[in-house]
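Heads up: the structure comes next, in structure tokens.
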Amino acid sequence: MSPLLRRRDTTPRTSRLLGALLLVAATGALATGAVPTGGTADAAPAPRPPGLTPLDRVIPAPAVVRPAGGPYTVTPGTHIRVDGDPETLRIAEYLADVLRPSTGFRLPITDRGYGGIRLRLADGPHGAEGYRLDSGPDGVVVTAGKPAGLFHGVQTLRQLLPGTVEADTVQLGPWRVAGGTIEDTPRYAWRGAMLDVSRHFFGVDTVKEYIDRLALYKINKLHLHLSDDQGWRIAVDSWPRLTSHGGSTAVGGGAGGFYTKADYREIVRHAASRHLEVVPEVDMPGHTNAALASYPELNCDDVAPPLYTGIKVGFSSLCAGKDVTYDFAEDVVRELAALTPGRYLHIGGDEAHSTSHDDYVTFMDRVQPLVAKYGKTVVAWHQLSGATPAKGALIQYWGMDRTGDPEKARVAEAVKNGAGLILSPADRTYLDMKYTEDTRLGLSWAALVDVRRAYDWDPGDYLPDVPASAVTGVEAPLWTETLSEPGELEYMAFPRLPGIAELGWSPAATHDWDAYKVRLAAQGPRWEAMGIDYHAAPQVPWPRD
Ligand code: ACM
């Protein structure tokens, strides 16, 4: 039996809040007009969310907000207008799929007429992912230079509507969007979330649902941790025992599982439809027991170890001195690269405690060029900075505030030599860390990471001797040694994930815990309507129910 504990450390909130919201809306007790700009630091719980969401009550905080004029109301007569571009049409269909079930409106999509909700591609200052949103009594216009910007603008529009808009049954409304303009563009190009599907396996539908939730907060990279000691989760035709044997179990001894190539393509397709790029990781040369158990020849002594279902790290290594190791690495990289339309391939490289330093350097010197050979850019955990990172490689820092200076200095040196930097400090961004000592799920080796701790740091000045301009972005990993159910992923990710998303998107000038926690609290009713089993952390002034 799995040793995992599954009880929650708070009682899931009920749908009573939804009822309260409907009552507020139905009696017309709606706030109007004034939009606070900086947010307020108020220890008391916030009042019930009003029917009209202030333009700046969005996560991630938009770069520029200019409230003005009256709101737009979505009505049975509202059309969604597009201008013929097929990707814009797909985004319009996505928006309609969010709005139709709860409003009960038809919301026809058309390329004719004026007013209503308009999605518009046009040259402008918003770059690859930015957008502008204009709202007034006649309609809402989202304008962007690229489809990704329109998609992110649609997420903002969604958050400006009452949280009940997320429900899959008809709700009362009214469906009003505050008047004014938002201009928004991300601080960082890399805004990632990692899901460990190795320690416990999660099927395609669970991953797709996680992607949908990431999209709401403008996350644009899904890093899938596809192999580790406990399980190999991606089909590799040239090495079939990786999945048939190496994928057959999981932490705690459960059944395991793996993605066929068709499954993986479906995840990639779904992610792309939400404007996320999948970054696959095959962790090497350590964290490889599942591979070593599947093929004796990958071991220096030609003896395959048993499958592993515990949670220790650092005990496994591919054999850096054997040519077959590099045949294996090349086959895996080639097949994975062929399945992956995105630019990146993550080769792990962390906690190789059973690989000598010389072997580690040899291994990385031989494997990194394979990634380039198949057209991808290397991403690796920051231990790669102890070898020679390939030109253009991205280093993912997962150390901590207390991590020693020599390690930080090596990372700074690699960045100075041209490496990109993704910040995933374990004591800030690891979503599998317990919130408090009482959290029944998760681990605590890095820290107890409460909601404020996850949010209250600046990627721009996090590492000494790394200038803000050298930071590629941030990522929130969710390791799954203790998590085996979809609801458990949600419970650990929410409400911390939106904070990391905000650090990745919003200008540093918007960073303010007291304002953030008010915006975060306003997400609660939305999560209730979406059925997200979030942790109702006491640091956040959730609406009273
Ligand atoms: C890691 O947490 N070993 C990247």
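Each reported figure results from applying straightforward, stated rules to the coordinates on display, with no laboratory input. Only a predicted model underlies this, so the values are computations on that prediction, with no experimental measurement involved. Quick reminder, even Gly has a Cβ in these numbers, built from the backbone with ideal geometry, and neighbours come from all protein chains shown.
Where the centroid of each part is defined by its Cα atoms, how far is segment 380-438 from segment 476-494 in Å?
If you average the Cα positions of each part, the centres end up 22 Å apart.
Name the residue from F258, V333, A304 whose Cα lies farthest towards the positive end of the charge dipole of segment 208-361, charges +1 on Cβ of Lys and Arg and -1 on Cβ of Asp and Glu.
F258
Nearest-5 percent of antiparallel DSSP beta bridges in the chain?
Expressed as a percentage, antiparallel bridges in the chain total about 30.
Taking R0 as 41 Å, what's the FRET efficiency between D465 and T436 from their Cβ-Cβ distance, rounded to 0.05?
Computed FRET efficiency for D465 and T436: 0.75.
Hey, with R₀ at 45 Å, roughly what FRET efficiency would A338 and R544 work out to, going by the Cβ-Cβ distance, to 0.05?
Approximately 0.25, to the nearest 0.05.
Using 0.36 nm times the number of residues separating A409 and R90, minus their current alpha carbon distance, what extension gain do you get?
110.3 nm
Taking the Cα of V313, stepping 7 Å toward and past its beta carbon, and measuring to each backbone N in segment 241-257: which are under 20 Å?
250-253
DSSP loop (so not H, G, I, E, B), at most 15 other Cβ within 10 Å: list which trypsin sites (Lys or Arg not before Pro) in segment 380-419 pass both filters.
Sparse-neighbourhood loop trypsin sites (Lys or Arg not before Pro): K391, R402.
Go through A414, T403, V466 and say which Cα lies farthest out towards the positive end of the charge dipole of segment 372-488; charges sit on Cβ, +1 for Lys and Arg, -1 for Asp and Glu.
The listed residue farthest towards the positive side: A414.
Can you tell me the FRET efficiency between R265 and R66 if r is taken as the Cβ-Cβ distance and R0 is 51 Å, rounded to the nearest 0.05?
Efficiency, from the Cβ-Cβ distance: 0.75.
Using +1 on the beta carbon of Lys and Arg, -1 on that of Asp and Glu, and nothing else charged, what's the dipole of segment 134-268 about the Cα centre, debye to 20?
Dipole about the Cα centre, nearest 20: 280 debye.
Full-extension gain between H353 and A372, please, as 0.36 nm times their residue separation minus the C-alpha to C-alpha distance.
Value of the extension gain: 4.3 nm.
What length, rounded to one decimal in nm, is gained on full extension from R452 through to A189, with 0.36 nm per residue of separation minus their alpha-carbon distance?
Gain in length upon complete extension: 92.3 nm.
Please give the charge dipole size of segment 269-382, origin at the Cα centre, charges +1 on K and R Cβ atoms and -1 on D and E Cβ atoms. Round to the nearest 20 debye.
600 debye
Given +1 on the Cβ of Lys and Arg, -1 on the Cβ of Asp and Glu, and no further charges, what dipole in debye does the chain carry about its Cα centre, rounded to the nearest 20?
Dipole size: approximately 1720 debye.
As a check on your grasp of the helix formula, calculate [θ] at 222 nm for the chain: sum -39500 (n - 2.57) over DSSP H runs of n ≥ 4, divide by the residue count, round to the nearest 500.
-9000 deg cm²/dmol
In whole angstrom, note down how far apart the Cα centers of segment 58-124 and segment 223-288 are.
37 Å
In nm, give the distance between the simple-model label positions of D331 and V303, each being 7 Å from the Cα along the Cα-to-Cβ direction.
Each label point is offset 7 Å from its Cα along the Cβ direction, giving 2.4 nm.
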